[in-house]
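Q: So that we are looking at the same thing, I have put the structure below in structure tokens.
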């Protein structure tokens, strides 16, 4: 009996919170009314009431912040010697020239800092002299680390076009030491005969405008000299180059381009250069390696001998020489001498009557070289 009462009371206490949770308010009157009691016999049985636990929404689990990847340990940069880089490689081949331009270089230390300004360069390349040379590049960084590299430079001859043999009875009239007032008269005569000639000019002559006219009328223009001062010109190689290029600049100014043909002052067989032993032997090779053709002559008008002569004398010498060289003749005259210029009209007339052709020299023309005497 007592057990049954206890079970009833437990049920009541369980149900009341549920009713309250469902929003049912117990009236005050009910709360004050006495709860009827029933007499329970010991043999009475009270069935247990199943009570469900109210549904409760589970609270969300706390969010765990993402774990940042561990910071890597700083990589230690290996300390190395500075690095020198040679633009174009450590071995280059260049054609002979009056100047050599280094392809370039740069240097970095082990941190990647540019230290090119610290590079020291030693060694020499003689750009006009065919051969093999070495240039050394050295650099030292802030830590005293040092590097050295070497570039090998090979200077090779300039490739030249092949010489083409002209038809028989070809004459190359050439005129040295102009231009001057007589040159204008000479150009008129050449134009009259539709003949071409070659002018080896002096750069400091006053009538350089006639270089332009000669070029525009189809004649060849070559370097002779700027000063015609043998003592200065053949003092050394550099002195010759300076004289040569002074005239080249004049020619370019008048024609728009440099020329690649020339005649040595006094010819390649001159003896006036002997004060500098062997210079003509050296210069003749150097200039050919540089890609220039020099022309001497196999017929001379004799107009620079210092002896009196007439235009008839000039004509006879030239015609005689033409006959002796029926394959081709390279004739030396000087347009600074009036009698020589006057002879040209009769030379051309005789040549035309006897089947000769008068052409200008170029890189493919047959060369005539004198025996080098120095």
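Please treat every number below as a calculation from the coordinates, not as lab data. Keep in mind that this is a model prediction, so the values were computed, not measured. Note that each Cβ is placed from the backbone with ideal geometry, even for glycine, and that neighbours are counted across all protein chains shown.
Q: Using the basic label-point model (7 angstrom from Cα toward the beta carbon), what is the residue 132 to residue 159 distance in nanometres?
A: Calculated label separation equals 2.3 nm.
Q: May I pose another question? Would you list 121, 367 from fewest to most Cβ contacts within 10 Å? Don't skip to the answer; put the middle values down first.
A: Numbers: 121 11, 367 14.
Lowest count first: 121, 367.
Q: Then there is this: Please report 311, 273, 305 as a ranked list, fewest other C-beta atoms within 10 angstrom at the top and most at the bottom. Provide the component values of the computation, followed by the final result.
A: Details: 311 19, 273 25, 305 9.
Arranged by neighbour count, lowest to highest, 311, 273, 305 become 305, 311, 273.
Q: Here is a further query. Report relative contact order for region 83-156 in percent, whole number only (criteria: Cα-Cα under 8 Å, sequence separation at least 6). Please report the intermediate quantities before stating the final value.
A: Values: 151 pairs, mean separation 26.9, N = 74.
Relative contact order of region 83-156: 36 percent.
Q: At residue 229 and residue 148, where each label point lies 7 Å from the Cα along Cα→Cβ, what is the point-to-point distance in nanometres?
A: It works out to 4.4 nm between the two label points.
Q: Hey, rough spin-label estimate for residue 120 and residue 249, points 7 angstrom out along Cα→Cβ, what's it come to in nanometres?
A: Going by the 7 Å Cα→Cβ label model, 3.5 nm.
Q: Considering Cα pairs under 8 angstrom that are at least six residues apart, work out the relative contact order of region 135-200 and quote it in whole percent.
A: Relative contact order of region 135-200: 26 percent.
Q: Now, a different point. For a footprinting-style exposure proxy, rank 111, 210, 186, 86 by other Cβ within 10 Å, fewest first. Show your work: numbers first, answer last.
A: Details: 111 13, 210 23, 186 27, 86 18.
Ascending number of Cβ neighbours within 10 Å: 111, 86, 210, 186.
Q: Here's something else I'd like to know. Quote to one decimal, in nm, the extra length available between residue 94 and residue 80 on full extension: 0.36 nm per residue of separation minus the C-alpha distance between them. Walk me through the numbers on the way to the answer.
A: Details: separation 14, 0.36 × 14 = 5.04 nm, distance 3.33 nm.
Taking 0.36 nm per residue and subtracting the Cα distance, the gain is 1.7 nm.
Q: When only Cα pairs under 8 Å and 6 or more residues apart are kept, what is the percent relative contact order across region 170-358? Intermediate results must be reported in sequence, preceding the final value.
A: Details: 337 pairs, mean separation 55.6, N = 189.
Answer for region 170-358 is 29 percent.
Q: Just the Cα atoms of region 170-358, one point each, no solvent: what log10 I(q)/I(0) does Debye give at q = 0.09 Å⁻¹?
A: So the normalised log intensities are -0.31.
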